[in-house]
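The values are calculated or read from the model by the stated rules, or taken from the named source; none is laboratory data. Values in this document were obtained by computation on a predicted structure and should not be read as measured data. We place every Cβ from the backbone using ideal geometry, glycine too, and count neighbours over all the protein chains shown. Each accessible area value is taken on the protein alone, full model and side chains, heavy atoms only, with ligands, DNA and RNA left out. Shrake-Rupley method; radii C 1.70, N 1.55, O 1.52, S 1.80 Å.
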Amino acid sequence: MMKIRSKVTNILLCIGLLIVCSCKGQNQDATGDYVYKKGDPNGIGKWYKGREIAYVMGYQGMSWLERSEREEEENTSKLLKNMNINLGDTIADIGAGSGYHVFKMAPMVDYGLVYAVDIQPEMLAAMEAKKKEGNSKNIMLVQGNEKSVNLPESSVDKVLLVDVYHEFNYPLEMIQSIKKAMRPEAELYLIEYRGEDASVPIKELHKMTEAQAVTEMKAAGLRLKKNIGNLPWQHCMVFVKD
């Protein structure tokens, strides 16, 4: 009888240890929006709506953003046509990086404005140097943070996020912040490498499916207006306020 009780006790102890280990391996934040657990080596171990968040590409990768083959790979010219930019538009490029899109859009808004938002001071410094060199007067540099784009409320007509959303440490808070900056009829252009297409030569954590994007944007109060499928490797998803 003592042996049986000992075995039962050992089994219960093992079950308890498994439960404790499981809790340690997967934790939620206080709000319940984010889960923390091990995942892909390219991820930060933080999950949102079933998707692991990728590491941010640092300013050291600036040359990749400015690579000569980018136009061919991404067809940036077609992307900008998709945005139907008007001369008086106020546009926010979130995660603007080195300003690859910023300095293409600025001449398209003669009496408008382009907000170039980034979290890294080094990226902002690079854009400031370009801005001075080109005497670009309708570009405003803004330093954001992990939870806010730091833009005025109801100030923008169009928002552009190119291959950056999947790296946001706080995607819900960031989209809520962007939504506040959007005017009633504003459009958000979410550009992400197609997660449904295995032939796209990008790491999985740096891709997104349309279904995943719709789920995450819906949580912040945005709905998919259309997905323009004319880019070589990327989704061009247009979201608007609900």
Problem set entry | GLU173 vs. criteria assigned to a helix (DSSP H, G or I), closer than 22 Å to LYS218 by Cα, at pLDDT 95 or above and of a type in the set (Asp, Glu) | yes
For this session: Give, as residue ranges, the strands (runs of 3 or more DSSP E) completely inside the range 29-129 that count at least 1 residues that are among the aromatic types (Phe, Trp, Tyr) and without any contact (Cβ under 8 Å) to a residue 40 or more places away in the chain.
Result: 34-36, 43-48
Seminar exercise, completed: Taking the range 132-150 and keeping only residues that are buried (at least 20 other Cβ atoms within 10 Å of the Cβ) and of a type outside the set (A, V, I, L, M), one is left with GLY144
Problem set entry | Scan of the range 188-207 for residues that are crowded, with 17+ Cβ neighbours inside 10 Å and outside any loop (DSSP other than H, G, I, E, B), ordered by number | LEU188, TYR189, LEU190, ILE191, GLU192, TYR193, ARG194, LEU205, HIS206, LYS207
Problem set entry | the range 33-84, residues that are within 19 Å of VAL114 (Cα to Cα) and open to solvent by less than 30 Å² (accessible area, probe 1.4 Å) | LEU65, THR76, LEU79, LEU80, ASN82, MET83
Exercise. Listed residues GLU210, GLU153, GLU185, GLU173; which is touching a residue at least 40 places away in the same chain (Cβ under 8 Å) and either over 25 Å from GLN120 (Cβ atoms) or surrounded by fewer than 19 Cβ atoms within 10 Å (Cβ to Cβ) (or both)?
Worked result: GLU185
Problem set entry | Conditions (1) over 23 Å from TYR193 (Cα atoms); (2) at pLDDT below 95; number of the one not met by ASP33 | (2)
